[in-house]
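S.K.: There's a structure below that I have some questions on.
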Amino acid sequence: MRICIIGTGYVGLCTGVGFADKGNKVTCVDVVSEKVDKINNGQAPIYEPGLGEKLMEALGNGSIRATTDLKEAIAETELCFISVPTPCKDDGSIELKYIRTVAESVGSVLKDLDRYYVVVVKSTVVPGTTEDVVLPLIEQASGKKVGDGFGLCMNPEFLREGYALNDFLNPDRIVIGEIEGRAGDVVREAYEGFENVPIMRTAIKTAEMIKYTANSLLATKISFSNEIGNICKRLGINVYDVMKGVGLDSRISGKFLRAGCGFGGSCFPKDVAAIVARARVAGIDPGLLQQVLDTNREQRGLMAEQLKARMPSLENRRVAILGLAFNPNTDDIRESPAIEIVGKLTKEGASVAAYDPRAMENMKKVFPDVEYAGDAKQALSGADACLIVTDWDEFKELSDEDFALMKGDVIIEGRKTLKPERVKKFEGICW
Ligand code: NAD
Ligand code: UGA
């Protein structure tokens, strides 16, 4: 099929490259011309494992291209997936300005298109957004009616950063929210190459709510695990052994029960906040979901507190921070626990030596004055303490020999990365 992707960030680019890999012809659109140029030159503007290689392959066989020209992109395709940001505002509610702009632009292009075209919202949007915000904007700008001149669907994306391309290509399910079957059929056809994947076709609002419910439940599992972890630590029990035993119950599953320094990323924090805010407007006070966020906020501050308990004055102390990204295998630092930790430590007068295999360029924009080391050993050299914040594979290889480079011996682990057989003495945040 001929597919247009609007917004070439983590979701858009991985979706575009993924659809191209499945044999479709993809046109990616972005407002940032530097990103478009990079994509056309075979350089992915973001880091995701395998993305660069698959992009080169797709460019090589002519199955993908990028442009800033939306009109041209719509003219050469049958459907478009909107994957622009939906961040949260200060009060937690969803910011829809990017979605609105795209809906208006798409509508204006559809005005002059003399054939049926399907618009698909892939961005995460609170229930009601596609039908109550996107639909009227497209109808107004195009002068056409949904179901007649154009079709409208909502197709939530469930990929994780750090595993994005693989997750997109091998989803657990595909959810298609639709108003009429004709548009849903077009989206279904776009996923033709995805074999043995359950496909759920449903109402648009239901599709929107499935996305928030999945993210809220995963975030709840993490905050729950962190709370249990904090109790376990106080009682001298290893929470990872506990969760292993708990996760063997097939009703529960062992996934997303890893206790640690809290969830970050551009999704769980903002999506749980957005559904809490939407529920409040609807007159419901979602106490459980609010607590998931509060527990996470406290957990993200815990490592700095544990360090202060060991080292009451951080003035001029060198602290190595290993891992800045919110997840391994990504360069994304949005809402990463590392931001809060580095901020707290520098405020207390510590001199931070940070290292991350991929995320240092992004972190330099937030903390330009922190020392960025060339590798983990350089960060550890002469350090009074070390905090491990992201579970990159390369940190699993660290051993006593590497930590001997430190001046002090305080090592606090936020992600259960170090191997006890390689490193004798360290403290887990909640184990
Ligand atoms: P992102 O910030 O990485 O990328 C968004 C892209 O959209 C940017 O390249 C930006 O330049 C572009 N853009 C903004 N306005 C535009 C416009 N008018 N026309 C064309 N391009 C425009 O965002 P992301 O992380 O890919 O997230 C996109 C959406 O997908 C969000 O709603 C998010 O909640 C959802 N989502 C994200 C993930 C994830 O893991 N990141 C997973 C599932 C769903
Ligand atoms: C999450 C969901 O997993 C995706 O399904 C969803 O599509 C995405 O949000 C989204 O809506 O954008 P993502 O945030 O990219 O994906 O990455 P995750 O692997 O879920 O990790 C999120 C955070 O939770 C990380 O900081 C990670 O360290 C933390 N986490 C994860 C834990 O603390 N414990 C766990 O057991 C799992």
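The values are calculated or read from the model by the stated rules, or taken from the named source; none is laboratory data. Worth saying up front: this structure is predicted, and the values here are computed from it rather than measured. All Cβ positions, even for glycine, are placed from backbone atoms using ideal geometry, and neighbour counts span all protein chains on display. Areas reflect the complete protein model, heavy atoms only, side chains present, ligands, DNA and RNA absent. Shrake-Rupley method; radii C 1.70, N 1.55, O 1.52, S 1.80 Å.
S.K.: Find the accessible area per residue for the range 232-293; the probe is 1.4 Å, ligands and nucleic acids are left out, and the unit is Å².
M.R.: Values: 3430 Å² over 62 residues.
Per residue, the range 232-293 has an accessible area of 55 Å².
S.K.: Just Asp30, Asp167, Asp294 to compare: in a GNM of the chain, with alpha carbon springs under 10 Å, which one fluctuates most?
M.R.: Highest fluctuation among the options: Asp294.
S.K.: Quote the convex hull volume per residue of the range 212-299, based on C-alpha atoms, as a whole number of Å³.
M.R.: Working: hull volume 8.2 nm³, N = 88.
Once divided by residue count, the hull of the range 212-299 is 93 Å³.
S.K.: Turning to a different aspect of this structure: What nm distance separates the two modelled labels at Glu394 and Lys347, each placed 7 Å from Cα along Cα→Cβ?
M.R.: 3.0
S.K.: Turning to a different aspect of this structure: Would you mind computing the Rg to Rh ratio of the range 65-170 from its alpha-carbon coordinates, Kirkwood style for Rh?
M.R.: When Rh is taken as the Kirkwood radius, the ratio is 0.98.
S.K.: Taking +1 at the Cβ of each Lys and Arg and -1 at the Cβ of each Asp and Glu, which of Tyr212, Asn166, Ser83 sits farthest along the dipole of the chain towards its positive end, judged by Cα position relative to the Cα centre?
M.R.: Tyr212
S.K.: Still on this structure, please answer the following. Leaving out ligands and nucleic acids, note down the accessible area per residue over the range 112-155 with a 1.4 angstrom probe, in whole Å².
M.R.: Result: 33 Å² per residue.
S.K.: Relative contact order (percent) for the chain, with alpha-carbon contacts under 8 angstrom and 6 or more residues of separation?
M.R.: Dividing the mean separation by the residue count of the chain yields 12 percent.
S.K.: Run through every distinct alpha carbon pair of the range 123-234 and return the Kirkwood hydrodynamic radius in angstroms, one decimal place.
M.R.: For the range 123-234, the Kirkwood estimate is 16.0 Å.
S.K.: Along each of its three principal axes, how wide is the spread of alpha-carbon positions in the range 97-147, in whole angstrom units, largest first?
M.R.: Principal-axis extents of the Cα atoms in the range 97-147, largest first: 31, 20, 16 Å.
S.K.: Next question. Take the alpha carbon atoms of the chain, find their radius of gyration, then divide it by 2.2 N^0.38 Å using N residues; give the quotient.
M.R.: Compared with the compact-globule rule of thumb, the chain sits at 1.05.
S.K.: Using a 7 Å offset from the Cα along the Cα-to-Cβ direction at both Arg100 and Asp185, what is the distance between the two label points in nm, to one decimal?
M.R.: 3.6
S.K.: For the range 288-405, compute Rg over Rh where Rg is the Cα radius of gyration and Rh is the Kirkwood radius from the inverse mean 1/r over Cα pairs.
M.R.: Over the Cα atoms of the range 288-405, Rg/Rh equals 0.96.
S.K.: Next up: Which one, Thr27, Met406, Gly428, is farthest towards the positive end of the dipole of the chain when Lys and Arg carry +1 and Asp and Glu -1 on their Cβ?
M.R.: Gly428
S.K.: Give me the aspartates and glutamates in straight-line cross-link reach of Lys308: C-alpha distance below 19 Å, same-chain residues under 8 apart excluded.
M.R.: Straight-distance partners of Lys308: Glu298, Glu340, Glu348, Asp384, Asp409, Glu413, Glu427.
S.K.: Taking the Cα centre of the chain as origin, work out the dipole magnitude from +1 charges on Lys and Arg Cβ and -1 charges on Asp and Glu Cβ, in debye rounded to 20. Present the calculation step by step, with values, prior to reporting the outcome.
M.R.: Details: 54 positive and 63 negative charges, 161 e Å.
It comes to approximately 780 debye.
S.K.: Determine the distance separating the Cα centre of the range 240-265 from the Cα centre of the range 131-157; give it in Å without decimals.
M.R.: The two parts, judged by their Cα centres, are 40 Å apart.
S.K.: Run the simple label-point estimate for Arg422 and Glu53 please: 7 Å along Cα→C-beta, distance reported in nm.
M.R.: Going by the 7 Å Cα→Cβ label model, 2.3 nm.
S.K.: Hey, another quick one. Where both residues lie in the chain, what percent of DSSP beta bridges are antiparallel, nearest 5?
M.R.: Details: 3 of 47 bridges.
Percent antiparallel among DSSP bridges in the chain is about 5.
S.K.: Follow-up question, since we're still on this one. Give the angle, between 0 and 90 degrees and rounded to the nearest 10, that separates the Cα long axis of helix 337-347 from the longest principal axis of the Cα atoms of the chain.
M.R.: 50
S.K.: What number, in percent, do you get for the relative contact order of the range 307-392 if the mean sequence gap of Cα pairs under 8 Å and at least 6 apart is divided by its residue count?
M.R.: Numbers: 162 pairs, mean separation 35.5, N = 86.
Reported relative contact order: 41 percent.
S.K.: Taking amide H positions as placed in the peptide plane 1.01 Å from N, state which residues far from Ser63 in sequence (5 or more) or on other chains have amide H under 5 Å from it.
M.R.: So Ser63 has HN proximity to no qualifying residue.
S.K.: A further question follows. With only Lys, Arg, Asp and Glu charged, each at its Cβ (+1 for the first two, -1 for the last two), find how big the charge dipole of the range 154-215 is about the Cα centre; round to the nearest 20 debye.
M.R.: Values: 7 positive and 11 negative charges, 44 e Å.
Using only the charged Cβ atoms, the result is roughly 200 debye.
S.K.: Further question: Kindly report the accessible area of the range 325-431 per residue (heavy atoms of protein chains, probe 1.4 Å, no ligands, DNA or RNA), in Å².
M.R.: Normalised by residue count, the accessible surface of the range 325-431 is 43 Å².
S.K.: Calculate, in nm to one decimal, what Phe256 and Gln290 gain on full extension: separation in residues at 0.36 nm each, minus their alpha carbon distance.
M.R.: That works out to 10.4 nm of additional length.
S.K.: Taking all protein chains in place and a 1.4 Å probe, what share, in percent, of the accessible surface of the chain do carbon and sulfur account for?
M.R.: 50
S.K.: Given a Förster radius of 51 Å and the C-beta distance between Asn238 and Lys145 as r, what FRET efficiency does 1/(1 + (r/R0)^6) yield to the nearest 0.05?
M.R.: 0.25
S.K.: When you take every Cα atom in the range 2-202, what is the radius of gyration, and what is Dmax, the widest Cα pair distance, in Å?
M.R.: 15.7, 46
S.K.: Using only Cα atoms, find the angle between the long axis of helix 97-111 and the longest principal axis of the chain, and express it within 0 to 90 degrees, rounded to the nearest 10.
M.R.: The angle comes out at about 20 degrees.
S.K.: Along the positive direction of the dipole of the chain (beta-carbon charges: Lys, Arg +1; Asp, Glu -1; about the Cα centre), which of Gly128, Cys267, Cys232 reaches farthest?
M.R.: Among Gly128, Cys267, Cys232, the one farthest towards the positive end of the dipole of the chain is Cys232.
S.K.: Can you tell me how much longer the chain between Ser108 and Arg310 gets when fully stretched, taken as 0.36 nm per residue apart minus their C-alpha distance, in nm with one decimal?
M.R.: 66.6 nm
S.K.: Multiply the residue separation of Ala214 and Val281 by 0.36 nm, subtract the distance between their alpha-carbon atoms, and state the gained length in nm to one decimal. Display every interim value, and only then the final one.
M.R.: Numbers: separation 67, 0.36 × 67 = 24.12 nm, distance 2.08 nm.
Length gained between Ala214 and Val281: 22.0 nm.
S.K.: Mind jotting down the distance between the C-alpha centroids of the range 326-367 and the range 68-119, whole Å?
M.R.: After rounding, the separation between the Cα centres reads 33 Å.
S.K.: The range 277-305 to the range 179-235: how many Å between their Cα centroids?
M.R.: Using only Cα atoms, the two centres lie 20 Å from each other.
S.K.: Report the antiparallel proportion of the DSSP beta bridges in the range 2-202 as a percent, rounded to a multiple of 5. If you can, show how the numbers build up before the last one.
M.R.: Working: 3 of 30 bridges.
So the antiparallel bridges in the range 2-202 amount to around 10 percent.
S.K.: Let me ask something additional. Efficiency by 1/(1 + (r/R0)^6): what FRET value for Asp375 and Lys71, r their Cβ-Cβ distance, R0 = 51 Å, to the nearest 0.05?
M.R.: 0.60
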